[in-house]
Amino acid sequence: MFCTKCGGAIEEKAGFCPLCGTSVVAGAVPGPTVEKKLVRPQNDKWIAGVCQGFARYFGIDVTLVRLVWVSTVILAGTGLLAYLICWIVIPREYST
């Protein structure tokens, strides 16, 4: 068996190419990869969508992100400034 990325020889039971590290599944055809981007969604948001954007990016529940953010506002006081900066810096999600 040969790697579809670098062309190196791979053992039949190997899970990864020893030369380039590409994941190898027997009989699988490599498809396009989806690039993860941190964006603020247009829907499912409360204020600016910053927490929802982080929750989608990291694949966790938005409630957990909101609780952590509120706790940083209450305990450290820096959460509000960080939220405002993220609101400005993180781009909005545009529907195509």
**Asked** Taking H as built 1.01 Å from N, whose amide H comes closer than 5 Å to the amide H of R40, not counting residues under 5 places away?
**Response** R92, E93
**Item:** T63-T4 pseudo-label distance in nm [points 7 Å out on the Cα-to-Cβ vector]
**Value:** 3.9 nm
**Message:** Could you tell me the relative contact order of segment 34-96? Use alpha-carbon pairs under 8 Å, at least six residues apart, and round to a whole percent.
**Reply:** 38 percent
**Prompt:** Along the Cα-to-C-beta direction of W87, a point sits 7 Å from the Cα; which residues of segment 39-58 have their amide N less than 12 Å from that point?
**Reply:** 46-51
**Extended-chain gain in nm, criterion 0.36 nm per residue less alpha-carbon gap, C20 and V70** = 13.7 nm
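Quick note: the coordinates plus some simple rules give every number you see, no bench work behind them. Everything numeric here is computed off the predicted structure, so don't read it as measured data. With ideal geometry, Cβ positions are generated from the backbone for all residues, glycine too; neighbour counts draw on all protein chains shown.
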